[in-house]
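Notes follow once the structure below has been shown.
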Amino acid sequence: MFNFNPLTIKQIRRFKTIKRGYISFIIFCMFILISIIAELLVSNRALVVKYNDTYYFPAYGDIIPGKVFGLDYEYETNYRDLAKIFSSAPESSNFVVLPPVPYNAFENDLKDDAFPPFAPSATDKHYLGTDKTGRDILARLIYGFRIAIFFSLILLFSNYLIGISIGCLMGFIGGKFDLLFQRIIEIWTNIPYLYAIIIISSIIIPSFFSLLIIMVIFNWINMTWYMRTATYKEKERDYVLAARALGAGNTRIIFKHIIPNTISIIVTFIPFSISGGITALTALDYLGFGLPAPSPSWGQLLSEASEFTTSAWWIGVSIISALILVLTMVTFIGEAIREAFDPKMHTTYE
Amino acid sequence: MPTAQTEIILEVKDLVAAFQTESGLLRAADGVSFNLKKNSTLGIVGESGCGKTVTALSVMRLLPKPTGQYLRGEILFKENDILKLSPDELHNIRGNNISMIFQEPMTALNPVNTIGKQMAETFILHSPGMSKSDILNESIELLKKVGIADPDKKINEYPHQLSGGMRQRVMIAMALSLKPAILIADEPTTALDVTIQAQILDLINELQKETGMSMIFITHNLGVIAQVCDDVIVMYAGKVVERAPVVKLFTEPSHPYTKGLFASIPKLETEHKSTLATIPGTVPAIAEYPTGCRFNNRCPIASERCFKENPGELLISEDHYASCFNLFPK
């Protein structure tokens, strides 16, 4: 289905020549990669601990209680303290390697003599400062991005799966089936989706997946419309009739002939759906109807930023620049893809 | 004319194919009957919109559902009525026993698949046991047969990389891949330029001799008919107006419409700068067919009876039928 034909190769080559989109694409992929391996870069767990000639790798896996490292408690080791203890005894060969940002997205790093939010400080390793409960903003940004981007990708996949299936069937079967779904969609789109989500999340506490399901229920419609139109157009083409004349059945015609010919429509919409997903989740979190409280989220950071506009400017600056950066990059990627897939660029007359 | 091999392979009896539209049921093919003899070619000739293509598509039951309907008639292939087959039986016949070449080689190939992939489709559908390498070899062999140079290279190319004539050759190769008993060619040369046209016609003739298949050849070009066909039916406004072996049709055209068609062909012998003969008027729209004979409003010899009754098929001489009252002086 996704075999690379010369046209696709041409489109990829063209995409690479659009510098702004291509660079954005590379940076965006790096962001996703960083967010996937975030435990190695931003975490309160150490990467490597050497204690009494044994190596420990606490970044992934079960928690290691403090007793293991000769401390006097059973709960998870505080590796920042452990690092200080080890470095105060330089004669031993024990050491701790901490991630560049040694905080996770949930812990409150409080001080005895001041109230959070704390300003950015390289000595504390809070490179973007902390929020009002002393949580590291960089950590919350990265983990929040991880949630947002995967939310957005799963949302996109589910929406497209449903949208493409139903849209394709509407276009292909046509007639009463098409009419029925058109009316269902028209009624469905008239339900104000934000209100519906607000009402639903006041009844149940939304989790990642329940929020996702609610969003899918309201968002599959867009792709359905596009696919319906595209299928209507493609199924009248001669090659479909030719395939029929060879004895091909409906399933084969839909999957081998119609969908591959609509790929460019689907690909063009993907970046916009991604930025749409991120924005939707951020907006819901901002309003307080998104993911429940402690989970790191950009919307929650944004609402905190509006609370401390002047006194803690670093919150606002961080989250707003992050949002602008990510959304602009996605838009650049989308623009480049659209341009690369523009059929007028490759028109040849024979 | 073939006398020894008059075995009939396909028999169309009184076929009425209609389209359901907002202005009612429109009969695009109205009472079409013909026989296709084994190892011979039947030409269907007529103007645009006379029901040629509808008739051809009906033979494979390819009219678009739900607007296209078969109101009456039988299409007998190997003693089965194609109009009554189940979808599975139908899928089995299509491409396997009856296949089709389309008018537009530019659009009848799927733009996103390679030639090889599209050619493989027939084999995958009808001989599921075949291995990939067998399919590939067979496809290359077929491409060679239809006269494509470098078939092993062309097989990995995409339709847009081939010229119109080459695409039509690929279409022919695909249609012939399972050695069908009947090949329907719907204006296979109309979209091609004249030199390519001649090559394709030669190719089709040659392949027919080689495989012994029967062919239904649709065209609006009488020259092409003379070149490839054994029998001809002339269609006008959804009806067959004349049916004859090709020599008889060309030597003694009987129906006034057929005569008009022959008169409209420009000839070298006609006087310099004389007016080209035409049939006056235009084909009536399908919803406005006149009562009686459908040709009555354009016919030079129409009598009163022609406006009241529809002439059935009348025998003129052996194998030669025409639907016109005025061929028989009372």
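The values are calculated or read from the model by the stated rules, or taken from the named source; none is laboratory data. None of the values given here were measured: they were computed from a predicted structure. Note that each Cβ is placed from the backbone with ideal geometry, even for glycine, and that neighbours are counted across all protein chains shown. Calculation scope for accessible area: heavy atoms of the full protein, side chains included, ligands and nucleic acids excluded. Shrake-Rupley method; radii C 1.70, N 1.55, O 1.52, S 1.80 Å.
A few comments on the model shown:
- Conditions (1) modelled with pLDDT of 90 or more; (2) more than 14 Å from chain A (Cβ to nearest Cβ): number failed by B:LYS145: (1)
- Answer from B:ILE184, B:ILE135 - the residue that is modelled with pLDDT of 90 or more and within 13 Å of chain A (Cβ to nearest Cβ): B:ILE184
- Only one of A:ILE199, A:ILE154 that is without any contact (Cβ under 8 Å) to a residue 12 or more places away in the chain, open to solvent by 20 Å² or more (accessible area, probe 1.4 Å) and not charged (D, E, K, R): A:ILE199
- Pairs linking a residue in the stretch A:247-271 that is at positive phi and within 10 Å of another protein chain (Cβ to nearest Cβ) to a residue that is in a helix (DSSP H, G or I) and surrounded by 16 or more Cβ atoms within 10 Å (Cβ to Cβ), with Cβ atoms under 6 Å and 6 or more positions apart or on different chains, are A:GLY247/B:HIS91; A:GLY247/B:LEU125.
- Hits in the stretch B:75-93 (condition: crowded, with 20+ Cβ neighbours inside 10 Å and touching a residue at least 40 places away in the same chain (Cβ under 8 Å)): B:ILE75, B:PHE77
- Restricting attention to the stretch B:30-50, the residues that are assigned to a loop (DSSP other than H, G, I, E, B) and either open to solvent by 10 Å² or more (accessible area, probe 1.4 Å) or of a type in the set (A, V, I, L, M) (or both) add up to 5.
- Residues located in the stretch A:281-301, provided they are assigned to a helix (DSSP H, G or I) and either surrounded by fewer than 21 Cβ atoms within 10 Å (Cβ to Cβ) or aromatic (Phe, Trp, Tyr) (or both): A:ALA283, A:TYR286, A:LEU287, A:TRP298
- Residue in the stretch B:160-185 that is nearest to B:ASP134 (Cα to Cα), counting only those that are of a type in the set (D, E, K, R) and buried (at least 22 other Cβ atoms within 10 Å of the Cβ): B:ARG169
- When the stretch B:94-120 is limited to residues that are without any contact (Cβ under 8 Å) to a residue 24 or more places away in the chain and assigned to a helix (DSSP H, G or I), the one that is farthest from the other protein chains (Cβ to nearest Cβ) turns out to be B:ALA120.
- Among the residues of the stretch A:98-146, not one is surrounded by fewer than 16 Cβ atoms within 10 Å (Cβ to Cβ) and assigned to a helix (DSSP H, G or I).
- Test: residue in the stretch B:75-82 that is under 23 Å from B:ASN310 (Cβ atoms) and of a type outside the set (Ser, Thr, Tyr): yes
- Test result for B:GLN103, open to solvent by 60 Å² or more (accessible area, probe 1.4 Å) and not small (Gly, Ala, Ser): yes
- Exclusive hit being farther than 22 Å from A:LEU128 by Cβ, in the same structural domain as A:ILE259 (by TED's automatic domain parsing) and at pLDDT 85 or above, set A:PHE57, A:PHE25: A:PHE25
- Condition check for A:ALA336 on (1) more than 23 Å from A:TRP220 (Cα to Cα); (2) in contact with an Asp or Glu (Cβ under 9 Å, 6 or more places away or on another chain); (3) of a type in the set (A, V, I, L, M): one failure, at (2).
- Check on B:SER323, touching a residue at least 12 places away in the same chain (Cβ under 8 Å), small (Gly, Ala, Ser) and surrounded by fewer than 19 Cβ atoms within 10 Å (Cβ to Cβ): no
- Listed by position, the helices (runs of 4 or more DSSP H) contained in the stretch B:211-330 that have at least 1 residues being out of contact with any helix residue (DSSP H, G or I) (no Cβ under 8 Å at 6 or more places or on another chain) and over 30 Å from B:PRO180 (Cβ atoms) are B:246-251, B:256-263.
- In the set (1) under 16 Å from B:MET106 (Cβ atoms); (2) away from chain A (no Cβ under 14 Å); (3) open to solvent by 10 Å² or more (accessible area, probe 1.4 Å); (4) not basic (Lys, Arg), the condition left unmet by B:THR195 is number (1).
- Summed over the stretch A:124-165, the residues that are of a type in the set (Val, Ile, Thr) and under 20 Å from A:VAL317 (Cα atoms) give a count of 4.
- Scanning the stretch B:261-280 for residues that are closer than 20 Å to B:SER323 by Cα and either free of Cβ contacts under 8 Å to residues at least 40 places away in the same chain or among the charged types (D, E, K, R) (or both) gives B:ALA263, B:ILE279, B:PRO280.
- Considering the stretch A:32-58, the residues that are touching a strand residue (DSSP E or B) at 6+ places or on another chain (Cβ under 9 Å) and without any contact (Cβ under 8 Å) to a residue 12 or more places away in the chain include one that is surrounded by the most Cβ atoms within 10 Å (Cβ to Cβ), namely A:PHE57.
- Residue in the stretch B:108-123 that is open to solvent by 50 Å² or more (accessible area, probe 1.4 Å) and under 26 Å from B:GLN208 (Cβ atoms) present: no
- Residue satisfying condition, being away from chain B (no Cβ under 14 Å) and open to solvent by less than 10 Å² (accessible area, probe 1.4 Å), within set A:ILE278, A:ILE320, A:ILE274: A:ILE278
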